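The values are calculated or read from the model by the stated rules, or taken from the named source; none is laboratory data. Computed from a predicted model, the values in this text were never measured in an experiment. So basically every Cβ, Gly included, is an ideal-geometry build from the backbone, and we count neighbours across all protein chains shown.
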Amino acid sequence: MTGWEPVVGLEIHIQLKTQTKMFCRCENVWGEGPNTRTCPVCLAHPGTLPVPNGRAIEWAVKLGLALGCEVAERSVFHRKNYFYPDLPKGYQISQYDEPLCTAGRFAVPGSGGDHEIGIVRAHLEEDAAKTVHVGGKAGRISGAAHSLVDFNRGGTPLVEIVTEPDLHSPEEARRFLQLLRQTVVELGISDAEMEKGSLRCDANVSVRRQGEEGLRTKTELKNMNSFKFVGDGIAAEVARQIEVYESGGEVGQETLHFDPASGRISSLRSKEEAHDYRYFPEPDLVPVEPPAALVERMRAEIGELPAARIRRLEGELDFDLSYGLVASGRDELYERVPGERRAVANVVMNQLAATGAHPGRVNAEELGKLIEARDRIPRATFDEALTAAGEPGFTAERYLAEEAVTDASELDPVIERILAANGSQVAAYRSGKEGLLGFFVGQVMRETQGKANPKVVNERLRERLGA
Amino acid sequence: MIDTLRLTAEDAAGLLKRKEVSSEELTRAYRASIAERDPELHAYLHVTESADGDGVPIALKDVITTKGVPTTAASRILGGYVPVFDSTVAACCKDAGLPLLGKTNLDEFAMGSSTENSGFGPTRNPWDPERVPGGSSGGSAAAVAGGLAPWALGSDTGGSIKQPASLCGLVGLRPTYGTVSRYGIVAFASSLDQVGPLTKTVRDSALLMQVISGADPRDSTTVELPQPIELPEAEDLRGLRIGIPRELNEAEGMEPGVKQSVDAAIRLAEELGAEVGETRLPRSVEFGLACYYLIAPAEASANLARYDGVRFGHRAQVDGDLTELYERTRWEGFGDEPKRRIMLGTYALSAGYYEAYYGQAQKVRTVIKDEFAAAFRDFDLLVSPTSPTVAFRLGEKAENPLAMYLSDVLTIPPNMAGLPGLSIPCGLSEGLPVGLQLIGPQFSENALFRAGHALERAFAFDYVPERLR
């Protein structure tokens with residue numbers, strides 16, 4: 001790895017959650033029975049024509065603006081021609097040389113500052129149908145006995161985002177994608193769930209010597225369906241390319257598949273047999289000319305972007321916590337909860353997240369009271385309260401009433417009992433194994449069913465063991 | 001006794017209104033004519049057994065999708081296809097109460113000028129069954145001229161309404177692009193396809209345009225006509241400035257009889273009060289045809305990609321893989337002309353050739369538009385023959401695609417510019433009808449109808465084929 005720099009660009013597809021499809025009025029919904037959301041238009045019956053979904057255009061404009069793009073005054077749909085059963089018209093309506101949004105920048109904060117990633121374009125297109133290969137290995141077409149097509153997905157509005165090759169580590173690519181996802185979710189335009197395919201990511205990967213100008217041959221890594229796999233896949237491909245170069249070989253241009261189970265990269269097809277898509281302007285549609293008023297209305301609907309929020313939080317928290325809060329969408333709750341910032345951040349990010357409580361439904365004031373009192377109330381009570389924090393009508397009051405046991409006269413007999421029962425550990429502690437303190441604290445907490453105040457227990461134990 | 005050869009749609013509507021005849025009786029009379037003459041003419045691919053409506057029955061070219069009624073575009077690849085929806089124009093006809101007589105023959109996917117390219121056998125010209133009715137809307141033209149329908153709809157991409165109207169002695173309107181919905185019209189070349197009426201008279205044409213025109217939310221390329229269609233009344237042409245584009249009136253291969261008829265028609269127009277002058281369209285005529293044969297096949301190559309045997313229509317029986325299914329299905333299903341145009345179009349769009357062919361053709365298209373716009377600064381309408389020849393014999397051009405393509409040399413230039421054109425019969429040459437093409441600026445349908453109606457009165461052309469009188 002030393003001496004080499006990864007160069008990565010991403011191609012991201014985001015399904016918009018509009019009520020209807022991109023070019024027909026079929027319901028746009030995930031998970032319904034196969035071929036129950038179709039019509040003559042999305043099945044490409046002869047004579048049918050596309051009519052663009054105005055909401056999808058608005059949302060693509062909004063996303064483009066969030067990515068810092070320029071919105072074209074005039075944008076054109078093209079036909080991208082190829083034969084496949086998931087493409088009933090034999091062409092996909094997409095965009096080519098006049099996309100809706102171009103030339104954007106999207107900041108990815110890191111511990112060492114921001115890195116601006118160039119956005120080449122964000123354009124609108126329609127999704128293909130879903131092909132299911134039956135009888136083959138792992139749903140792959142090779143070896144399949146037959147294939148089934150579900151046209152429900154066909155015609156779903158899709159925004160394709162292409163970045164410049166500005167990403168220089170698997171970690172940075174993963175972070176970019178996470179912040180992009182969070183942005184899309186906050187804009188309310190997509191579920192952007194990788195496992196459902198509403199957010200999909202391909203990566204163009206190459207490597208070059210540190211300090212080298214220009215770009216070497218890139219490979220295209222297809223459809224990595226989780227954030228982790230995006231990072232792992234890119235890391236594996238970067239390592240493979242470095243190995244190829246270091247052993248004196250050349251990297252060939254090809255499309256690759258990352259198998260997360262084995263961590264292996266395999267070839268899908270070589271670019272030499274690449275399609276000629278024969279793009280030409282879609283004659284069934286007129287150019288899209290978003291009015292300035294619409295663009296401004298969309299701009300006004302965009303809130304503060306994740307990168308800006310991370311930078312703002314960094315004033316009071318470290319980078320990892322700031323990033324974590326924002327990337328998980330928990331920073332809004334964090335900001336509403338009063339109290340010591342680091343304590344609030346840790347609870348919101350870790351303990352509260354573990355309970356599965358929805359951050360948007362939590363009463364921040366009440367949570368603040370709880371966090372403020374967390375050293376005074378029993379640990380078990382605190383956990384119980386967090387679990388309930390997302391429920392309607394939650395108040396901290398009832399939990400705060402359960403003060404932890406801090407009275408030494410109540411704790412000392414318990415401590416005595418435990419020290420008496422663990423003579424050898426007491427001896428070990430006194431001969432220098434001070435790490436055993438935690439063991440004794442645990443025993444006391446268990447004995448008191450979590451109700452003892454750990455701080456007081458610590459103090460009392462130290463005193464007794466030191467004697 | 002209903003004389004289906006003579007009766008205009010307007011007269012038929014009058015009979016219905018005065019309750020002198022019922023819609024069922026009308027439909028029965030046309031069915032009887034179909035039974036009598038269609039075995040010879042083969043104007044229809046499908047005749048309905050029953051149809052709803054209390055108006056004047058109609059025949060639709062078989063590219064017009066009709067719910068529950070087979071729609072084939074005269075291609076074997078759509079064999080067995082029965083649409084589950086109505087095209088917008090078919091729905092307009094239903095809403096107007098026009099019973100559907102049947103679906104008419106055409107050149108496969110509207111690709112041709114003689115109806116000989118039909119996958120189901122040619123249609124014959126009612127004026128002379130040894131001759132073609134023109135194309136691609138030859139079935140609709142033959143049906144109206146032969147008394148097998150009072151009126152019909154065709155579709156026009158390069159001249160497919162105007163040219164068969166000319167060859168069959170009828171009135172054919174190709175409307176301004178975007179004024180009639182294409183929703184449900186089996187697509188050939190989307191930026192050129194336009195549905196329009198084939199009728200016996202100009203007033204019938206206007207009546208049918210009232211039924212089918214207008215913006216359609218299902219077709220993003222449609223607009224509302226700026227003025228509603230009016231029924232023409234005037235019988236003179238006073239104040240009308242008519243331009244005679246020299247290149248359209250002296251085109252290569254123009255038959256002398258056609259030229260004489262058209263010249264006589266122009267003199268008559270002057271007598272009716274029109275100011276006539278010469279104008280020029282040099283580049284439109286020189287490059288129009290070549291430009292058309294790049295753009296139309298390019299669009300067709302994409303429009304015909306959906307016929308893959310997977311979802312509807314013909315599917316080849318194969319043991320092999322997906323590619324073999326595609327190849328066999330398309331090999332068996334498409335005739336020679338669609339195959340020829342798919343190949344031309346695919347080539348014109350290919351990487352490395354796009355700029356030289358498709359890209360260049362689009363630029364030429366702009367030049368053609370500009371040239372027409374310039375001509376319309378001096379003239380209200382332009383006039384030329386519709387076709388350089390009268391109806392030719394079956395087989396005469398079938399083996400020579402280039403000769404066939406030249407049939408449309410006069411209709412293509414205005415089509416490339418998206419302009420409306422009206423063909424009206426203006427006389428006979430060798431006993432066969434000659435068509436006069438009137439070209440107007442965008443949305444000038446009312447002007448075309450007014451001029452066409454006045455000329456039609458003056459010509460007093462008898463649209464009933466001589467041998468059937």
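Restricting the first residue to segment A:373-397 and requiring it to be among the polar types (S, T, N, Q), which pairs with a second residue that is part of a helix (DSSP H, G or I) meet a Cβ separation below 7 Å and a spacing of at least six or different chains?
A:381/A:399; A:387/A:355; A:395/A:366
Which residue pairs have Cβ atoms closer than 9 Å, lie 6 or more positions apart in sequence or on different chains, and pair a first residue in segment B:426-443 that is within 11 Å of residue B:391 (Cα to Cα) with a second residue that is part of a strand (DSSP E or B) and among the small types (Gly, Ala, Ser)?
Partner pairs satisfying both residue conditions: B:433/B:427; B:434/B:427; B:435/B:172; B:435/B:423.
Tell me whether segment B:87-109 contains one or more residues that are within 14 Å of chain A (Cβ to nearest Cβ), touching a strand residue (DSSP E or B) at 6+ places or on another chain (Cβ under 6 Å), within 25 Å of residue B:135 (Cβ to Cβ) and part of a loop (DSSP other than H, G, I, E, B).
Scanning segment B:87-109 turns up at least one residue that is within 14 Å of chain A (Cβ to nearest Cβ), touching a strand residue (DSSP E or B) at 6+ places or on another chain (Cβ under 6 Å), within 25 Å of residue B:135 (Cβ to Cβ) and part of a loop (DSSP other than H, G, I, E, B).
Identify, by number, the condition in (1) at pLDDT 95 or above; (2) over 13 Å from residue B:165 (Cβ atoms) that residue B:426 doesn't meet.
Condition not satisfied by residue B:426: (2).
Read through the list (1) crowded, with 16+ Cβ neighbours inside 10 Å; (2) without any contact (Cβ under 8 Å) to a residue 12 or more places away in the chain, then give the number of the only condition that residue A:178 fails.
Residue A:178 satisfies every listed condition except (2).
Considering segment A:423-462 alone, what residues qualify as being more than 30 Å from residue A:399 (Cβ to Cβ), without any contact (Cβ under 8 Å) to a residue 24 or more places away in the chain and not small (Gly, Ala, Ser)? Write out each step before concluding.
Residues of segment A:423-462 that are more than 30 Å from residue A:399 (Cβ to Cβ), as a first pass: A:423-436.
From what's left, without any contact (Cβ under 8 Å) to a residue 24 or more places away in the chain: A:423-425, A:427-428, A:431-436.
Matches in segment A:423-462: A:425, A:433, A:434, A:436.
If I filter segment B:12-28 for residues that are crowded, with 20+ Cβ neighbours inside 10 Å, outside any helix (DSSP H, G or I), more than 14 Å from every other protein chain (Cβ to nearest Cβ) and touching a residue at least 40 places away in the same chain (Cβ under 8 Å), do I get at least one hit?
Within segment B:12-28, not a single residue is crowded, with 20+ Cβ neighbours inside 10 Å, outside any helix (DSSP H, G or I), more than 14 Å from every other protein chain (Cβ to nearest Cβ) and touching a residue at least 40 places away in the same chain (Cβ under 8 Å).
If I go through segment A:267-278 residue by residue, how many of them are modelled with pLDDT of 60 or more and more than 8 Å from every other protein chain (Cβ to nearest Cβ)?
Qualifying residue count for the region: 6.
How many of the residues making up segment B:331-346 are buried (at least 17 other Cβ atoms within 10 Å of the Cβ), within 14 Å of chain A (Cβ to nearest Cβ) and either out of contact with any strand residue (DSSP E or B) (no Cβ under 9 Å at 6 or more places or on another chain) or not in a helix (DSSP H, G or I) (or both)?
6
I'm checking my understanding of the structure. Among residues of segment B:276-308 that are more than 10 Å from chain A (Cβ to nearest Cβ) and among the charged types (D, E, K, R), which one is surrounded by the fewest Cβ atoms within 10 Å (Cβ to Cβ)? Working first, answer last.
Just the residues of segment B:276-308 that are more than 10 Å from chain A (Cβ to nearest Cβ), to begin with: B:276-294, B:296-297, B:300.
If we keep only those that are among the charged types (D, E, K, R) as well, we get B:278, B:280, B:283, B:286.
On the way: B:278: 10, B:280: 16, B:283: 16, B:286: 13.
Top of the filtered list is B:278.
Conditions: (1) touching a helix residue (DSSP H, G or I) at 6+ places or on another chain (Cβ under 6 Å); (2) surrounded by fewer than 16 Cβ atoms within 10 Å (Cβ to Cβ). Residue A:250 meets all but one. Number of the miss?
(1)
Considering segment A:49-83 alone, what residues qualify as being more than 14 Å from chain B (Cβ to nearest Cβ), under 30 Å from residue B:351 (Cβ atoms), touching a helix residue (DSSP H, G or I) at 6+ places or on another chain (Cβ under 9 Å) and among the charged types (D, E, K, R)?
Listed by number, the residues that qualify are A:70, A:73.
Listed here are the residues, each with its yes/no results for (1) surrounded by fewer than 24 Cβ atoms within 10 Å (Cβ to Cβ); (2) of a type in the set (Asp, Glu); (3) within 18 Å of the chain's Cα centre (by Cα).
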position	(1), (2), (3)
B:64	no, no, yes
B:69	yes, no, no
B:73	no, no, yes
B:88	no, no, yes
B:94	yes, no, no
B:105	no, no, yes
B:116	yes, yes, yes
B:130	yes, yes, no
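Identify, from the list B:311, B:328, the residue that is surrounded by fewer than 19 Cβ atoms within 10 Å (Cβ to Cβ) and more than 13 Å from chain A (Cβ to nearest Cβ). Before the answer, list the steps.
On the way: B:311 fails: more than 13 Å from chain A (Cβ to nearest Cβ).
Checking each option against the conditions leaves just B:328.
Looking at segment B:355-372, can you tell me whether even one residue there is part of a helix (DSSP H, G or I), in contact with a Lys or Arg (Cβ under 8 Å, 6 or more places away or on another chain), modelled with pLDDT under 95 and buried (at least 23 other Cβ atoms within 10 Å of the Cβ)?
No, segment B:355-372 has no match at all.
Regarding residue A:353, is this residue more than 18 Å from residue A:458 (Cα to Cα) and at pLDDT below 75?
Against the criterion (more than 18 Å from residue A:458 (Cα to Cα) and at pLDDT below 75), residue A:353 qualifies.
With the condition being closer than 23 Å to residue A:15 by Cβ and touching a His at 6+ places or on another chain (Cβ under 6 Å), I'd like the strands (runs of 3 or more DSSP E) fully within segment A:200-292 carrying at least 1 qualifying residues.
In segment A:200-292, A:219-222, A:264-270 are the strands (runs of 3 or more DSSP E) which contain 1 or more residues that are closer than 23 Å to residue A:15 by Cβ and touching a His at 6+ places or on another chain (Cβ under 6 Å).
The conditions are (1) in contact (Cβ under 8 Å) with a residue 12 or more places away in the chain; (2) of a type outside the set (Lys, Arg); (3) in contact with a Pro (Cβ under 9 Å, 6 or more places away or on another chain), and residue A:49 fails exactly one of them. Which is it?
Against the list (1) in contact (Cβ under 8 Å) with a residue 12 or more places away in the chain; (2) of a type outside the set (Lys, Arg); (3) in contact with a Pro (Cβ under 9 Å, 6 or more places away or on another chain), residue A:49 comes up short only on (3).
Those residues that are modelled with pLDDT of 85 or more, part of a loop (DSSP other than H, G, I, E, B) and within 13 Å of residue A:360 (Cα to Cα), I need them from segment A:300-346; list them, please.
A:328, A:330
With respect to residue B:186, is the statement that it is away from every other protein chain (no Cβ under 14 Å) and β-branched (Val, Ile, Thr) true?
Against the criterion (away from every other protein chain (no Cβ under 14 Å) and β-branched (Val, Ile, Thr)), residue B:186 does not qualify.
Any residue in segment B:59-79 that is more than 14 Å from chain A (Cβ to nearest Cβ), in contact (Cβ under 8 Å) with a residue 24 or more places away in the chain, in contact with a helix residue (DSSP H, G or I) (Cβ under 7 Å, 6 or more places away or on another chain) and not basic (Lys, Arg)?
Yes, that holds for at least one residue.
Considering only residues of segment B:189-226 that are within 14 Å of chain A (Cβ to nearest Cβ) and under 23 Å from residue B:105 (Cα atoms), which is surrounded by the most Cβ atoms within 10 Å (Cβ to Cβ)?
Once the filter is applied, the top-ranked residue is B:195.
Only strands (runs of 3 or more DSSP E) wholly contained in segment A:1-97 count here; list those with 3 or more residues that are among the aliphatic types (A, V, I, L, M) and farther than 30 Å from residue B:87 by Cβ.
Fully inside segment A:1-97 and qualifying: A:4-15.
Of the residues that make up segment B:365-379, is at least one of a type outside the set (Ser, Thr, Tyr), in contact with a helix residue (DSSP H, G or I) (Cβ under 7 Å, 6 or more places away or on another chain) and within 14 Å of chain A (Cβ to nearest Cβ)?
Yes, segment B:365-379 contains a residue that is of a type outside the set (Ser, Thr, Tyr), in contact with a helix residue (DSSP H, G or I) (Cβ under 7 Å, 6 or more places away or on another chain) and within 14 Å of chain A (Cβ to nearest Cβ).
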